[in-house]
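Visitor: Pasting a structure below so you can have a look.
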Amino acid sequence: MIKDIITDEAVLSQPCEPATAADAEVAQDLVDTLLANEEAAALAANQIGVTKAIIAYLNDKDRPVVMYNPQITQALKPFPAVEACLSREEAAGVTRYKWIRVSYDVLLNGELMPRKKKMEGWQAQLVQHMVDHCNGELV
């Protein structure tokens, strides 16, 4: 179901709870909302009002990728960035990393399974922004 984007800082500043396999409907709502919003390249569950650690972003083929409980475990090559956010009116400056390693879970056959991924460039920046959202950090 397509949800409204939340701008309430009281919701967005709360660290998200770990997601479970029972949160599959939240993940689907996140994907539906991401695909329906032409301005979005990524969303975190708290941006649709659910404080669960789930993110979705568009890969290089514009297909949604869902990560449950994402955590950045390594980050290299810092750079200054100016980022916009659907939940905020103005862009803000932030330090990002060109290369990251992220651990996360995927939902397979009704169970969460651990995964790791090396990422760089634009998608790494998207995931960093969404992990910030999961941690209750606003750009």
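Visitor: Got a sec? Which of Pro114, Pro70 is in a strand (DSSP E or B), within 22 Å of Thr20 (Cα to Cα), open to solvent by 40 Å² or more (accessible area, probe 1.4 Å) and not polar (S, T, N, Q)? Can you show your working first?
Guide: Working: Pro70 fails: open to solvent by 40 Å² or more (accessible area, probe 1.4 Å).
Just a single option satisfies the conditions, and that option is Pro114.
Visitor: How do the pairs read when you match residues in the stretch 41-59 that are within 13 Å of Asp132 (Cα to Cα) with residues anywhere that are aromatic (Phe, Trp, Tyr), using Cβ under 6 Å and keeping only pairs 6 or more apart or on different chains?
Guide: Matching pairs, first to second residue: Ala42/Tyr57; Ile54/Tyr68.
Visitor: Now for a separate question. Considering only the stretch 118-139, I want to know if a residue exists there that is in contact (Cβ under 8 Å) with a residue 24 or more places away in the chain, assigned to a strand (DSSP E or B) and open to solvent by 40 Å² or more (accessible area, probe 1.4 Å).
Guide: The answer is no, given that none of the residues of the stretch 118-139 is in contact (Cβ under 8 Å) with a residue 24 or more places away in the chain, assigned to a strand (DSSP E or B) and open to solvent by 40 Å² or more (accessible area, probe 1.4 Å).
Visitor: Here's another thing I want to ask about it. Check Ser13, Ser87 and return the single one that is open to solvent by less than 50 Å² (accessible area, probe 1.4 Å), of a type in the set (S, T, N, Q) and in contact (Cβ under 8 Å) with a residue 40 or more places away in the chain.
Guide: Going through Ser13, Ser87 in turn, the sole match is Ser87.
Visitor: Continuing with the same structure: One residue is enough: does the stretch 101-109 have a residue meeting the conditions touching a residue at least 60 places away in the same chain (Cβ under 8 Å) and open to solvent by 70 Å² or more (accessible area, probe 1.4 Å)?
Guide: no
Visitor: For Leu86, state whether it is of a type in the set (A, V, I, L, M) and farther than 20 Å from Val11 by Cβ.
Guide: No; evaluated as a whole, the condition is false for this residue.
Visitor: If only one of Ala56, Ala36, Ala24, Ala44 is closer than 21 Å to Ala92 by Cβ and hydrophobic (A, V, I, L, M, F, W, C), which one is it? Full working, then the answer.
Guide: On the way: Ala56 fails: closer than 21 Å to Ala92 by Cβ; Ala36 fails: closer than 21 Å to Ala92 by Cβ; Ala24 fails: closer than 21 Å to Ala92 by Cβ.
When all the criteria are applied, what remains is Ala44.
Visitor: Now for a different question. Scan the stretch 80-111 for residues that are among the small types (Gly, Ala, Ser) and part of a strand (DSSP E or B) and report the count. Steps first, please.
Guide: Initial filter on the stretch 80-111 (among the small types (Gly, Ala, Ser)): 81, 84, 87, 91-93, 103, 110.
Those still in the list that are part of a strand (DSSP E or B) too: 81, 92-93, 103.
Summing the residues that are among the small types (Gly, Ala, Ser) and part of a strand (DSSP E or B) in the stretch 80-111 gives 4.
The values are calculated or read from the model by the stated rules, or taken from the named source; none is laboratory data. The shown structure was predicted, so the numbers you read here are calculated from the model rather than taken from an experiment. Cβ sites come from the backbone with ideal geometry, for glycine too, and all protein chains shown count toward neighbours. Heavy atoms of the whole protein, side chains included, go into the accessibility calculation; ligands, DNA and RNA do not. Shrake-Rupley method; radii C 1.70, N 1.55, O 1.52, S 1.80 Å.
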